[in-house]
Amino acid sequence: MATTIESLQLSIKEKHTLLTNHAVFSAIRTMEDLRLFMEWHVFAVWDFMSLVKRLQCDLTTVSIPWYPPANPNAARLINEIVLGEESDITPHGAMTHFDLYLSAMQEIGASTRQINQFLNVIKKGDPLSAALGRAEVEPAVQRFVNATITTCKKAETHQVVGSFFYGRENVIPEMFQALLNTWQIDPAAVPELNFYLERHIEVDSGDHGPAAERMINEITGGDPIQLREVLEAGISAINERHLLWDSLLVALQHRQK
């Protein structure tokens, strides 16, 4: 079992490195390229909150009558993440990171038609797949969102933590730094997006990353079966992101040709 866990940990590191060095970041050469990137990526910004909310439901008490959470450290971490993601202090005052991202899209003229149409449909209670289809979302984006929501709805808590930590919190800072380092866009031309990216690099690579790793150990209690499942969920999440970037890279290259 130990060897299996070690091999999974090695696989996580290798896939993490490949993801943070993906060619999609350096393929963003013009504002038109950046608009396309954001029109795809905004769905990952949205479904991130579903992972966060699933963990908030599992690790804190959101029902009445209230009762103490089983793991106060895990509850504190997820509450801190919710506070930042749902009501961070931004140049516009308190707002969600999702709304900040939409504002950054509007700043550069990226279309918000698909994401807004998608949200309007799901607010009415229609199925996720129907909402994605009606908004004419790209198949690669649909696959990514469906994979995330399936994890949120069907996975065990420790598996959701694995997807969240390895697929998001632990990889986002380096992905966003790679984007800033390799794109051919002047950060001064996109101040809101630059703020969004740097804010996530600051927060996710600071306290949240190490704390999330400690949360894994507390939730699993060191159980080797659960630890293996955490890592497997993380690998699956990284693979889904890689597939998303692969498809976006093809779309960018096609547009540039």
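One table, with the values for the structure above:
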{"read-out": "Check: the chain dipole with +1 on Lys, Arg Cβ and -1 on Asp, Glu Cβ, in debye", "value": "680 debye"}
{"read-out": "Kirkwood hydrodynamic radius (C-alpha pairs) into Stokes-Einstein, the chain, 10 °C and 1.306 mPa s, D in µm²/s", "value": "84 µm²/s"}
{"read-out": "Loop trypsin sites (Lys or Arg not before Pro), the stretch 1-47, which have at most 16 other Cβ atoms in a 10 Å radius of their Cβ (DSSP)", "value": "Arg29"}
{"read-out": "Proximal charge balance of Gln184 [Cβ under 11 Å; K/R count +1, D/E count -1]", "value": "-1"}
{"read-out": "Rel. contact order, % - alpha carbon contacts under 8 angstrom, at least six apart, the stretch 156-257", "value": "49 percent"}
{"read-out": "Coil-residue chymotrypsin sites (Phe, Trp or Tyr not before Pro) of the stretch 1-100, DSSP, other Cβ within 10 Å capped at 15", "value": "Trp66"}
{"read-out": "Probe 1.4 Å, protein heavy atoms only - accessible area per residue of the chain in square angstrom", "value": "47 Å²"}
{"read-out": "Contour minus Cα-Cα distance for Asp99 and Glu14 (0.36 nm per residue)", "value": "27.3 nm"}
{"read-out": "Separation of the His92 and Glu6 label points, Cα + 7 Å toward Cβ, nm", "value": "5.0 nm"}
{"read-out": "Inter-label distance for Ala189 and Arg76, nm, one decimal - labels placed 7 Å from Cα along Cα-to-Cβ", "value": "4.5 nm"}
{"read-out": "Choice from Asp204, Asp33, Asp126 with maximal GNM fluctuation in the chain (Cα, 10 Å cutoff)", "value": "Asp126"}
{"read-out": "Whole-number percent relative contact order across the stretch 1-100, with pairs defined as alpha carbons under 8 Å at least 6 apart", "value": "16 percent"}
{"read-out": "Relative contact order (%) - the chain, alpha-carbon pairs under 8 angstrom, separation at least six", "value": "33 percent"}
{"read-out": "Segment Thr182-His254, extension gain: residue separation times 0.36 nm, minus the distance between their alpha carbons", "value": "24.0 nm"}
{"read-out": "Sulfur and carbon atoms: percent of accessible area, the chain [1.4 Å]", "value": "51 percent"}
{"read-out": "Contour minus Cα-Cα distance for Asp246 and Ile122 (0.36 nm per residue)", "value": "41.9 nm"}
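The values are calculated or read from the model by the stated rules, or taken from the named source; none is laboratory data. Because the structure is a prediction, the values reported are computed rather than measured. Methodologically, a virtual Cβ is constructed for each residue, glycine included, from the backbone with ideal geometry; neighbour enumeration extends over all protein chains shown. With ligands, DNA and RNA removed, areas are computed over all heavy atoms of the protein, side chains included. Shrake-Rupley method; radii C 1.70, N 1.55, O 1.52, S 1.80 Å.
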